[in-house]
């Protein structure tokens, strides 16, 4: 269902929906939704092209062969292993167009790509039934399918091949599939990914590209979705100085790896860190070899420049500061908006209250005093849960006002919160006598 959403200047919106502004204060059923959902586009040699696949952490570990044509420990899956260290669910999109599916006289690979050339079919006569055959399918030396059948029509469907039902079963020690070709991946695939992922709900998006044009595309998409559509998530990219609270600009390169090597890990961290927690000082526990030997001056410049940096602390590599790429603050977006913990809280509020309004109130609850009191009570209950887990502080019901909007369909909500951030500095004076 397409609904309106985003920020507002005047109450002149056409679409029904939730319109919310978050600004800094001038200087002088409301249940909390779970975090831990991320999305990235991938370029691989197996899987459906141009489709968004929802994959849980458990499915990734237990069924990586069926999903990606590779064992969980394969080097090609290192980036996804980094991602799933901190997320529960990922929306993955295999990029590419064209290519060819591997085939032989008995089967055709489910997906285009060279991985299909690693498939092999073996057929032997059944020891128990003279009229049947034992058919096995191998992928990269691992048996992924086995069945006893009298003919091709009796073979069951599976995630790896489509059987040629008019084929003939004959004993063979191993007939490989051949002719699989890689799909072509272009910058246009990144735009197609963004078009397809737009309706989905997630906490963080990764941009695994070193191309400045692609990174600019992802940053622009993120800004538009956050600021115009009201869809709250953050985007993680390498060397992407977007100057926006919705974009995390990763500083570290990795040795002997892709230029976006830490994007997967940071995307997972951004998606999976709880609303009442900070990623500051988190130990890097991934498989990459990050460049993290920086001077104090370099680290200070990183923070001032809105760079998400990892640095070496003894034997560990740790997150320096849980910040985003926002550098130039305004009256509406002050220093607090540089902190990802602040962004997580306001995103939680925006997403949760939007879901609450769109599912419980939109088109269902009258816009009278009782209806507005009910909405007020739900928002207060939601914020009290945030205060209970110490994500905000100093909150009371008086901080929320729900009034009639500019027309009889509209309600106006005035809300004030004070976000709690994790301790990051200590200044101590010791008096010695």
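Among beta bridges identified by DSSP and lying wholly in the chain, the antiparallel ones come to about 65 percent. Under Stokes-Einstein, with the Kirkwood radius over Cα pairs as Rh, the value for region 367-433 at 20 °C and 1.002 mPa s is 149 µm²/s.
Inter-part distance, region 359-423 to region 36-112, computed on C-alpha centroids, equals 41 Å. With a Förster radius of 41 Å applied to the beta-carbon distance between residue 216 and residue 148, the computed FRET efficiency rounds to 0.15.
With a Förster radius of 45 Å, plug the Cβ-Cβ distance of residue 416 and residue 157 into 1/(1 + (r/R0)^6) and report the FRET value to the nearest 0.05.
Here the calculated transfer efficiency is 0.20.
Against the compact-protein benchmark of 2.2 N^0.38 Å, the Cα-based radius of gyration of region 127-210 scales to 1.71.
Decide, for region 173-322, between rounded, prolate and oblate: order the square roots of the alpha carbon gyration tensor eigenvalues as a ≥ b ≥ c, take rounded if a/c falls under 1.5, and otherwise choose prolate if a/b is larger than b/c, else oblate. Please list the in-between numbers first.
On the way: a/c = 1.91, a/b = 1.27, b/c = 1.50.
Taking the square roots of the gyration eigenvalues as a ≥ b ≥ c, region 173-322 is oblate.
The alpha carbon convex hull volume per residue for region 43-147 rounds to 113 Å³. Take each peptide in 270-280, 140-150, count the other Cβ atoms within 10 Å of every residue, and average; sorted highest first, the result is 270-280, 140-150. Classification of region 107-176 by its C-alpha gyration tensor yields a prolate form. The axis ratio a/c (a ≥ b ≥ c) is 1.5 or more, and a/b outweighs b/c.
Among (i) 21.7, 66; (ii) 23.2, 68; (iii) 26.2, 98, only one was calculated for this model; which label is it, if the read-out is Rg and Dmax of the Cα atoms in Å? Recomputing Rg and Dmax of the Cα atoms in Å here gives the entry labelled (iii). Subtracting the Cα-Cα distance of residue 398 and residue 195 from 0.36 nm times their residue separation leaves 69.0 nm of extension gain. The packing ranking, built from the mean of other Cβ atoms within 10 Å per residue, places the peptides 396-404, 166-174, 299-307 in the order 299-307, 396-404, 166-174, highest first. Once the C-beta distance of residue 165 and residue 313 is scaled by a Förster radius of 56 Å, the resulting FRET efficiency is 0.35 to the nearest 0.05.
Read-outs: derived from the displayed coordinates by stated rules, not from any lab. Here the structure is a predicted model, which means the values were calculated and not measured. FYI the Cβ positions are ideal-geometry reconstructions off the backbone, even for glycines, and counts take in every protein chain you see.
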